[in-house]
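The values are calculated or read from the model by the stated rules, or taken from the named source; none is laboratory data. Keep in mind that what you see is a predicted model, and the values were worked out from it rather than measured. As a convention, Cβ positions derive from the backbone with ideal geometry for all residues, glycine included, and neighbour counts pool all protein chains shown. All accessible areas refer to the heavy atoms of the entire protein, side chains included, with ligands and DNA or RNA removed. Shrake-Rupley method; radii C 1.70, N 1.55, O 1.52, S 1.80 Å.
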Amino acid sequence: MLTEKAIDDCQQDKASDGHLEKNRKQKNFNFHTARKITGIIFVLPAVLLFAIFVIYPAVDAVRLSFFKIASNGNETFIGLENFKRIFSDKWTLLSIWNTFKIMLICVPSTLIISLFVAATIYQKKQRITSLYRCIFYLAVIASAVTVSLMWNWIFNAQLGIANYLLKLVNLPPQEWLGGTNTSLGCIMVVVVYMMVGQPVIIYTAALEGLSRESYEASEIDGANKWQQFLHISLPMLQPVTLYIMVISTINAFQTFVPVNVLTQGGPQGKTATMVFSLYEEAFLNFDYGYASSIGTILLIVIGVFSVAQFKINNIRHQEGQR
Amino acid sequence: MIKERFSFSYIVLNGLLIILALIWVFPFFWALSNSFKLEGEIYSAVPTLIPKIITLDNYAAFFYRTNSLIWLKNSIIISIVSIIFICLISCMAGYSLAKIRFPGSNVVFVVMLAAMMVPKYVMIVPLFRLMQSFKWFNTYSGLIIPEIATNLAFGIFLMRQFMPNVPDEIIEAARIDGCNETGIFFKAVLPLLKPVIASLGIICFVHVWNDYLWQLVIASSSKMKTLPIGIAGLNTEQTVFIGTVLAGIVFSSLPLILIYIFLQKYFSRGLTIGAVKG
């Protein structure tokens with residue numbers, strides 16, 4: 001349709017001595033600018049909101065870490081003092097160590113559990129697969145607060161069912177959330193519980209999307225299911241696994257809700273995570289500068305992982321196109 | 001045949017799967033069960049899986065003796081208003097970035113992508129001070145507008161990924177039919193975006209509803225608290241009894257769970273668009 005119109009224009013143009021061509025050029029010019037202006041107007045709300053509520057705070061967060069903020073809002077430049085303090089303050093160091101511990105234990109656990117679940121459910125009937133997916137994703141849907149409170153009740157030292165189950169097998173009751181040895185473990189349980197849902201969905205979709213050819217070929221060669229899984233599925237899932245690993249690490253680093261709801265960082269800072277430490281310093285101690293510096297460290301760590309994820313994504317897309 | 005089907009490995013693997021599934025369902029089931037128990041039964045030394053006597057006392061206490069209805073109202077208002085704006089602004093921006101090449105569109109997209117990587121916790125202190133200067137504490141604006149902004153990156157990303165599915169021919173056809181640019185967007189493009197809008201809306205609804213830290217920081221007055229914050233607060237109060245808290249937990253997770261069960265496909269589609277190719 002468009003080309004017909006253009007041909008018509010051209011023919012009329014030749015007939016009427018170039019007059020129409022000028023008009024058409026003018027119309028095209030208006031059309032293109034109108035389009036570009038609309039384009040800019042359409043992005044404007046997003047850009048404005050972004051600039052004020054995302055970009056400015058992100059930049060300011062880093063800037064504030066070099067300042068000391070007084071209660072009246074006055075800012076004094078103190079250079080790297082806040083950062084030096086991070087590495088000498090035992091509570092902050094403990095929170096960093098706790099966060100690492102959570103990442104080191106929860107991320108592999110999540111990967112293994114979710115991969116196992118996905119591999120076991122993806123070939124079942126559609127309804128059953130959906131049911132299982134639903135069960136594991138429930139923990140993601142119900143808010144972290146809800147999930148944390150549910151586990152709070154289970155881990156209750158006097159009335160919780162966890163101690164009752166221990167009693168049934170003649171094991172001593174634990175203090176769970178209040179115990180210095182067990183509290184971080186409880187937090188880890190809640191974190192894994194909440195993290196497994198999304199990878200299950202992603203792995204299931206990925207497994208369903210793998211091409212059947214390699215499997216069929218290997219079946220002819222006599223491979224059993226376990227061999228197929230190890231030598232075909234796992235390698236083909238590698239990009240997805242990397243993606244999930246990075247996302248899970250980033251999420252594990254930001255553990256906050258279970259800590260705030262269940263243990264408030266205690267006992268004695270044994271469950272404080274970096275984000276909880278940030279929250280404490282900012283909103284309980286009102287030390288905005290120091291809190292911002294913790295945030296900056298968090299940003300650097302997560303930034304490194306995010307960039308890694310981005311690069312991995314690009315590699316994946318390239319591999320997928322081959 | 002049967003031996004093959006129920007081989008040893010089959011039993012072990014599926015047995016483990018069922019055990020894991022039971023572990024994952026148990027906390028919900030346990031909260032649900034206990035929410036219907038009488039006080040005495042909850043505190044009894046021998047826990048019962050199913051309440052001996054089913055009672056609605058806890059729910060009554062939750063609805064009438066706490067501010068739960070106010071919290072619920074706040075959560076609903078915040079989530080719904082947020083997703084309306086998130087969807088609209090994301091569609092407009094995504095359309096513009098994907099279909100209209102204007103100078104700087106790539107820069108905008110890259111900046112948004114970079115901002116997506118900045119976790120919200122890092123920005124919480126400056127955002128807080130911003131709220132101080134805007135005087136947006138304990139207001140709907142303070143709860144809603146930053147939510148819109150921080151979810152935009154995901155929304156625009158999603159929209160831009162989906163835009164290739166809108167054929168350019170439709171846009172050209174609309175233009176030939178005499179639509180101006182806004183007309184093209186609202187009449188030709190937007191209807192085609194319905195599935196993505198549904199996914200985006202639902203994912204963001206859940207996300208905004210559950211945004212604990214921001215709501216904790218902004219809404220301190222009991223009239224402005226949201227449902228998750230309110231219930232968490234109940235847990236720490238000495239005078240509130242565990243049954244009430246459990247009833248609150250069940251009540252607050254029920255709508256989200258129902259949304260998920262019935263609208264599952266919108267979640268899967270939205271989440272896997274970025275992760276799995278095709």
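How many lysine pairs are close in chain B, with Cα atoms under 20 Å apart and the two 8 or more places apart or on different chains?
Here the count comes out as 10.
For the charge dipole of chain A, defined by +1 on Lys and Arg C-beta atoms and -1 on Asp and Glu C-beta atoms about the Cα centroid, which residue among A:98, A:189, A:129 has the Cα displaced farthest towards the positive pole?
With unit charges placed on the Cβ atoms, the residue in question is A:129.
With Rg and the Kirkwood Rh both taken from Cα atoms, where does Rg over Rh land for segment A:90-321?
1.04
Take every residue in peptide A:99-109, count the Cβ atoms of other chains within 10 Å of its Cβ, and give the average of those counts.
0
Can you give me the relative contact order of segment A:90-321 as a percent, contacts being Cα pairs under 8 Å and 6 or more apart?
Reported relative contact order: 28 percent.
If amide hydrogens are placed 1.01 Å from N in the peptide plane, which non-local residues have theirs closer than 5 Å to the one on residue A:67?
Placed amide hydrogens put A:78 under 5 Å from residue A:67.
Counting only protein heavy atoms and a 1.4 Å probe, tell me what percentage of the protein assembly as shown's accessible area is made up of carbon and sulfur.
65
Can you give the mean number of other chain Cβ atoms that lie within 10 Å of the Cβ atoms in peptide A:128-134?
Whole-number average of other-chain Cβ neighbours for A:128-134 is 3.
Which peptide among A:299-308, B:166-175 comes first, and what is the full order, when sorted by highest mean count of other Cβ atoms within 10 Å?
A:299-308, B:166-175
Could you report the protein assembly as shown's accessible area per residue, 1.4 Å probe, as an integer in Å²?
On a per-residue basis, the protein assembly as shown sits at 48 Å².
Considering only B:112, B:224, B:123, give the residue with the highest GNM mean-square fluctuation for chain B, with springs between Cα atoms whenever their separation is below 10 Å.
B:123
Would you mind working out the magnitude of the charge dipole of segment A:90-321 relative to its Cα centre, with +1 at each Lys and Arg C-beta and -1 at each Asp and Glu C-beta, to the nearest 20 Debye?
340
Say we join alpha carbon atoms closer than 10 Å with springs in a Gaussian network model of chain B; which of B:89, B:76, B:19 then has the biggest fluctuation?
B:19
So if I take the centroid of the Cα atoms in segment A:115-155 and the same for segment B:27-78, what is the distance between those two points in Å?
One Cα centre to the other: 22 Å.
I'd like the distance separating the alpha-carbon centroids of segment A:185-218 and segment B:116-193, in whole Å.
Centre-to-centre (Cα) distance: 30 Å.
How many angstrom separate the Cα center of segment A:41-111 from the Cα center of segment B:198-227?
Here the two parts' Cα centres lie 21 Å apart.
Working from Cα positions, state the angle (0 to 90°, nearest 10) between the long axis of helix A:19-50 and the longest principal axis of chain A.
10
Please give the charge dipole size of segment A:123-245, origin at the Cα centre, charges +1 on K and R Cβ atoms and -1 on D and E Cβ atoms. Round to the nearest 20 debye.
With Lys and Arg at +1 and Asp and Glu at -1, about 380 debye.
With point charges of +1 on the Cβ of Lys and Arg and -1 on the Cβ of Asp and Glu, referenced to the Cα centre of segment A:201-302, which listed residue (A:248, A:237, A:258) lies farthest in the positive direction of the dipole?
Of the candidates, A:258 comes out farthest on the positive side.
What is the angle, in °, between the Cα long axis of helix B:8-35 and the longest principal axis of the Cα atoms in chain B? Nearest 10 is fine, range 0 to 90.
For B:8-35 against chain B, the angle is about 80 degrees.
Determine the total buried accessible area between chain A and chain B, counting protein heavy atoms only with a 1.4 Å probe; round to the nearest 100 Å².
8400
For chain B, find the longest principal axis of its Cα atoms and tell me its angle to the long axis of helix B:68-99, 0 to 90°, nearest 10.
Result, in degrees: 30.
Find the relative contact order for chain B and round it to a whole percent, using C-alpha pairs within less than 8 Å whose residues are 6+ positions apart.
This gives 30 percent for chain B.
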